[in-house]
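Take a look at the structure set out below.
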Amino acid sequence: MASLQEYLFISGLLFAIGLAGVLIRRNIIVIFMCLELMLSAANLTLVAFSRFNTGENGLPDYNGQVLVFFIITVAAAEVAVGL
């Protein structure tokens, strides 16, 4: 089973690749794809913290996973603007 540090490392790597793409590229479609990559990295971080942060009764804390749904909604609106 992967540890929290491994999830955070992968998330940071994805975010860095997305940020580099946003800063370097000039094509708006590629910039939107890199922004999607950055949002996916944030989603991975939220789900990882939600999974590894247990509450009082031993169940995972689902607040991060609920926030992921809102981020996915923003990403869908971004795709609609891009199209």
Test result for residue 79, at pLDDT below 85 and either touching a Phe, Trp or Tyr at 6+ places or on another chain (Cβ under 8 Å) or outside any loop (DSSP other than H, G, I, E, B) (or both): yes
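Look at residue 51 and say whether it is under 25 Å from residue 82 (Cα atoms) and out of contact with any helix residue (DSSP H, G or I) (no Cβ under 6 Å at 6 or more places or on another chain).
On the way: under 25 Å from residue 82 (Cα atoms): no; out of contact with any helix residue (DSSP H, G or I) (no Cβ under 6 Å at 6 or more places or on another chain): yes.
It is false that residue 51 is under 25 Å from residue 82 (Cα atoms) and out of contact with any helix residue (DSSP H, G or I) (no Cβ under 6 Å at 6 or more places or on another chain).
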Within segment 55-83, residues closer than 21 Å to residue 9 by Cα, out of contact with any Ser or Thr (no Cβ under 6 Å at 6 or more places or on another chain) and open to solvent by 40 Å² or more (accessible area, probe 1.4 Å) come out as 67
I'd like to verify a number: residues in segment 14-35 that are without any contact (Cβ under 8 Å) to a residue 24 or more places away in the chain and under 15 Å from the mean Cα position of the chain (by Cα), how many? 6
Residues that are out of contact with any Pro (no Cβ under 9 Å at 6 or more places or on another chain) and surrounded by fewer than 16 Cβ atoms within 10 Å (Cβ to Cβ): does segment 44-54 have at least one? no
What pairs come up if the first residue lies in segment 55-72 and is under 23 Å from residue 36 (Cβ atoms), the second is aromatic (Phe, Trp, Tyr) and part of a helix (DSSP H, G or I), and their beta carbons are under 9 Å apart, counting only those six or more places apart or on different chains? 64/49
Qualifying residue in segment 36-57 (condition: more than 11 Å from the chain's Cα centre (by Cα) and of a type in the set (A, V, I, L, M)): no
Return the only residue of 36, 56 being acidic (Asp, Glu) and outside any helix (DSSP H, G or I). 56
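The values are calculated or read from the model by the stated rules, or taken from the named source; none is laboratory data. Please read these numbers as outputs of a predicted model, since none were measured by experiment. Positions of Cβ are backbone-derived with ideal geometry, glycine not excepted, and every protein chain shown enters the neighbour counts. The protein model used for the area step is the full one, side chains on, heavy atoms only, and it has no ligands, DNA or RNA in it. Shrake-Rupley method; radii C 1.70, N 1.55, O 1.52, S 1.80 Å.
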